[in-house]
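Below you'll find the structure, written out as structure tokens, and then a few comments.
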Amino acid sequence: MTSLPRTHRFTVGFDLDLTLVDSKPGIRAAYESLVATTGTPIDIDLVCGRLGPPLEHELLNWFPAEKVDWAADIYRDAYPKLGIAPSPAMPGAREAIAAVQELGGRAIVVTAKYPVNARLHLDHLGLAPDVLIGDLWAEDKALALREHGASVYVGDHVGDVRGARTAGALSVAVATGPCDVEELRAAGADVLLADLTAFPAWLRDYRAATDPAASRA
């Protein structure tokens, strides 16, 4: 990880799955392949209803601990072929990243997802954050958020809220994932948005209030 360039006035972090990318169709397809390959029964509807934590955390519910890495490798090998094309951008994702960059900020993605597959999603959809950091979940996301000087972190899960708070960043929660508004509020989200379509206007108002120079950008 590199430190924040001085040319950027601020940094905003974004989660990936169900924040920027509706990866649920792709994840479902990859799990269906995993079931077919291993013969292990998995309640895929249940899995898709609680997306957020790392793959290995979920696989522990279906495989013995000594087989989790093996199952994760099978899943990840199948994911580029099955998981990328079916997964669209979330409403407002492009505009949210663009809003940060147009105001002179740096947009970074901090996700629990395997970084190779996260990059495939971004490239396929033409989403262009400045930095991508993978394999970080919940409080561990604070490592990247602090390293890159993020003052805001946007996510859909209570784990994202915890990561933002641990980093000392403002937690902006979007109700587009498995956690509803009440769960996100109870976890300590500072700002609650229905989805990312509301983010550019919120960011402009926030920057105008916290950095008077932003209103003249």
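Among the candidates Pro41, Pro5, which residue alone is at pLDDT below 95 and open to solvent by 30 Å² or more (accessible area, probe 1.4 Å)?
Values: Pro41 fails: at pLDDT below 95.
On inspection, the qualifying residue turns out to be Pro5.
Just one of the numbered conditions (1) in a helix (DSSP H, G or I); (2) within 21 Å of Asp22 (Cβ to Cβ); (3) in contact with a Gly (Cβ under 6 Å, 6 or more places away or on another chain); (4) not acidic (Asp, Glu) is not true of Arg165; which one?
(2)
Could you grab the pairs with beta carbons closer than 8 Å, sequence gap of 6+ or different chains, first residue in the stretch 61-87 and outside any loop (DSSP other than H, G, I, E, B) and small (Gly, Ala, Ser), second one modelled with pLDDT of 95 or more and open to solvent by 40 Å² or more (accessible area, probe 1.4 Å)?
Pairs found: Ala71/Trp62; Ala72/Glu56; Ala78/Thr37.
Restricting to the stretch 133-163, count the residues that are surrounded by 24 or more Cβ atoms within 10 Å (Cβ to Cβ) and within 12 Å of the chain's Cα centre (by Cα).
Adding up the residues that qualify gives 9.
Restricting to the stretch 167-208, and then to whatever is without any contact (Cβ under 8 Å) to a residue 60 or more places away in the chain and among the β-branched types (Val, Ile, Thr), can you tell me which residue is surrounded by the fewest Cβ atoms within 10 Å (Cβ to Cβ)?
Once the filter is applied, the top-ranked residue is Val181.
Can you find, within the stretch 116-137, the residue that is nearest to Gly149 (Cα to Cα) among those that are of a type in the set (D, E, K, R) and in a loop (DSSP other than H, G, I, E, B)? So that I can check it myself, show each step before the final result.
Residues of the stretch 116-137 that are of a type in the set (D, E, K, R), as a first pass: 119, 123, 130, 135.
Next, only the ones that are in a loop (DSSP other than H, G, I, E, B) stay: 130, 135.
Numbers: Asp130: 13, Asp135: 19 Å.
Here the answer is Asp130.
The values are calculated or read from the model by the stated rules, or taken from the named source; none is laboratory data. All figures in this text were calculated on a predicted structure; none of them were measured in a lab. With ideal geometry, Cβ positions are generated from the backbone for all residues, glycine too; neighbour counts draw on all protein chains shown. Side chains included, ligands, DNA and RNA excluded: accessible areas come from the protein's heavy atoms. Shrake-Rupley method; radii C 1.70, N 1.55, O 1.52, S 1.80 Å.
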